[in-house]
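The values are calculated or read from the model by the stated rules, or taken from the named source; none is laboratory data. It should be emphasised that the depicted structure is a prediction, and the values quoted were computed from it without experimental measurement. Reconstructed Cβ throughout: ideal geometry from the backbone, glycine too, with neighbour counts over all protein chains shown. Accessible surface is based on the protein model in full, side chains and every heavy atom, while ligands, DNA and RNA are left aside. Shrake-Rupley method; radii C 1.70, N 1.55, O 1.52, S 1.80 Å.
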Amino acid sequence: MASAGVLSRYRVFLDLPAHTQVVTLLEGDTPLIPVPRLGAELGGCDLYVKFEGLNPTGSFKDRGMTAAISEAYGRGAKAVICASTGNTAASAAAYAARCGLRAIVLIPEGKVATGKLAGAVAYGAEVIQIQGSFDDALSLVVAISEKHPIALVNSLNPYRLEGQKSAAFEICDSLGRAPAWLCLPVGNAGNITAYWMGFRQYHQHLGTGLPRLLGVQATGAAPLVLGYPVEHPETVATAIRIGRPARGEQALQAAEESNGRILAVEDEAILSMQHRLAQEGIWVEPASAAGLAGLESALHAREIEVRGQQVVAVCTGHGLKDPDSITRRMPAPRLLPAELAPLEEAIIQP
Ligand SMILES: *Cc1c(COP(=O)(O)O)cnc(C)c1O
C-alpha cells in the first residue's frame with residue numbers, strides 16, 4: 001500500500017482518542033533492505049536493515065510524533081514541549097510546524113549532534129539548552145507540562161508508543177511474519193517497548209509470530225544492563241546517551257517476555273559497525289549501529305545462534321544527523337592543483 005502516513009495506514013491497530021486529527025508528513029513505509037554480505041559475516045543470518053533514517057525528519061521519532069501531535073492538535077493544544085537528545089526535538093518541531101503549534105524543546109548543553117539541532121531550528125522550534133543531562137531535561141518538561149497547558153510529547157506520552165508500533169506492523173507486512181530476532185538501540189526505551197506492543201498485537205490478530213528482542217545500550221550509558229541509573233552517561237551514540245530510561249521497566253519486561261536480552265557494547269564497536277553499514281551503502285548515525293554491534297557481540301560470546309534465521313536490525317536515524325561523528329576522525333581530503341598530471345599521479349596505478 002502506498003504511504004498515507006502511519007495513522008491512516010494502521011488506524012484500526014492504534015489506540016488513539018476520537019478527537020485525534022491527523023497531522024502527517026507521510027512518515028513510515030521505510031525500506032527493509034536486505035544486507036546479505038553483512039548477514040554472512042554475522043552468524044550466517046538472513047539479515048535486513050529497517051532504515052528508519054528515511055523518515056521525513058531523518059529518524060523513527062516521526063512515527064510516534066505524528067500520533068502525539070495529532071492527538072494534541074485534535075484536542076486544541078496550542079503548544080508542545082519535549083526533552084530531547086536531538087531527534088525528538090527535530091521531529092516535534094516539524095509536526096508542530098505542520099499544524100501551527102508552538103514547539104519548545106529542551107536539550108542537554110553541548111551534546112546534541114549538529115544535524116539534529118539544525119533541524120529543530122529550521123522547523124522553527126524554540127530551543128533551550130539545559131545545564132544538565134537529558135534526564136534532567138526530561139524531569140523539567142514533565143514538571144512544567146503538569147503545571148501549564150503544554151502538551152508533553154516525549155515517549156512518556158502514550159500516543160508516541162501507539163504510533164511507533166507501526167514499524168513492527170510494517171516489518172511483519174514486508175516479511176509475511178515476524179523475524180526470529182529484532183536488534184535495536186535502547187535509550188529512553190520507548191522504541192523497544194512500542195515494538196514489543198506492536199509485534200504482540202499483530203500476532204494476536206494475524207498470527208504473525210513473535211521475534212526475540214535484542215536491545216543494545218552503550219557501555220557508558222547502560223542503566224538497564226547495570227541494573228541502576230547512570231548519573232553521567234557518556235557515549236558517542238548521543239541518541240542513547242540516557243542514564244534513567246523512562247520506559248526502562250517495560251524494556252526489561254519486553255526483552256524477558258520475548259526470550260531476548262539487553263546488553264551493552266563499547267563505543268568502538270558501535271563506530272566500527274557504523275563503518276561496516278556504510279560499506280553496504282547505508283549511512284546511519286552512531287546510535288543506529290548499536291543494534292548490530294550488539295548482535296555481533298552476542299554472536300562472538302556464543303550467547304545466541306542465528307544461522308539461516310531472519311534478523312532485522314532497526315537503524316533508527318540517518319548518518320546526516322551527525323556528520324561530525326565521521327569528519328572528526330578523518331583527515332581533510334587531499335588537495336591538488338587543477339591539472340591533469342598530478343591527478344593522474346594520485347589516482348592511476350602505474
Ligand atoms: C531516540 C533514538 C533512539 C533511542 O530510542 P528510545 O525509544 O529512546 O529507546 C535510538 N536511536 C536514535 C537515532 C534515536 O533518535
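List the residues, sorted by chain then number, that are 5 or more residues from L47 or on another chain and whose placed amide H is less than 5 Å from its amide H.
Distant-sequence amide H within range of L47: V35, G39, V311.
Can you tell me the mean projection area, over all orientations, of the convex hull of the chain's alpha carbons? Units nm², please.
19.9 nm²
Taking a cut-off of 20 Å between Cα atoms, list the lysines near K165, but don't count ones fewer than 8 places away on the same chain.
Straight-distance partners of K165: K50, K61.
Given points 7 Å out from each Cα along the Cα-Cβ axis, report the H148 to A338 separation in nanometres with one decimal.
5.3 nm
Tell me the volume per residue, in Å³, of the convex hull enclosing the alpha carbons of the stretch 160-221.
65 Å³
Work out, in µm²/s and without decimals, the Stokes-Einstein translational diffusion coefficient of the stretch 188-240 at 25 °C, 0.890 mPa s, Rh from Kirkwood over C-alpha pairs.
191 µm²/s
What are the ³J(HN,Hα) couplings of the stretch 315-328, residue after residue, when phi is run through the Karplus curve with 6.51, -1.76, 1.60 and θ = phi - 60°? Round to Hz, x for glycine and proline.
Karplus values, whole Hz, x for Gly and Pro: 9, 6, x, 6, x, 5, 5, 9, x, 4, 4, 9, 5, 6.
Quick one: which of 112-119, 82-89, 51-58 comes out on top by average Cβ neighbours within 10 Å, and what's the full order, highest first?
Descending packing order for the listed peptides: 82-89, 51-58, 112-119.
Can you list, largest first and rounded to whole Å, the semi-axes you get for the stretch 220-350 by taking the square root of 5 times each eigenvalue of its Cα gyration tensor?
After scaling each eigenvalue by five and taking roots: 37, 19, 11 Å.
Any idea how far the Cα center of the stretch 127-200 sits from the one of the stretch 40-78, in Å?
Rounded to whole Å, the Cα centres lie 9 Å apart.
Quick one: pull the percent of accessible area on the chain belonging to carbon and sulfur, 1.4 Å probe, ligands and nucleic acids left out.
Reported share for carbon and sulfur atoms: 54 percent.
Using a Cα-Cα cut-off of under 16 Å, which lysines could be cross-linked to K111, ignoring same-chain neighbours fewer than 8 residues away?
Filter leaves K321.
In square angstrom, what is the accessible area per residue of the stretch 256-350 with a 1.4 angstrom probe?
Averaged over the residues of the stretch 256-350, the accessible area is 58 Å².
Volume per residue, Å³, of the convex hull around the alpha-carbon atoms of the stretch 1-93?
127 Å³
Add -39500 (n - 2.57) for each DSSP H run of 4 or more in the chain, then divide by its residues: what number comes out at 222 nm, to the nearest 500 deg cm²/dmol?
-12000 deg cm²/dmol
Please report the base-10 log of the normalised intensity I(q)/I(0) for the stretch 186-282, using a Debye sum with one equal scatterer per alpha carbon and no solvent, at each q in 0.25 (1/Å).
Values returned for q = 0.25 Å⁻¹ are -1.18.
For the stretch 1-110, which trypsin sites (Lys or Arg not before Pro) are in a loop by DSSP, counting at most 16 other Cβ atoms within 10 Å?
Those that pass, being in a loop and sparsely packed, are R75, K78.
How would you rank 250-260, 199-209, highest first, on the average number of other Cβ atoms within 10 Å across their residues?
250-260, 199-209
Just to be sure I understand the model, the point goes 7 Å from the Cα along the line to the Cβ. What's the resulting S139 to Y228 distance in nm?
Taking the simple label geometry, S139 and Y228 are separated by 1.7 nm.
Please identify every one of the GluC sites (Glu not before Pro) in the stretch 86-149 that sits in a loop by DSSP and has no more than 15 other beta carbons within 10 Å of its own beta carbon.
E109
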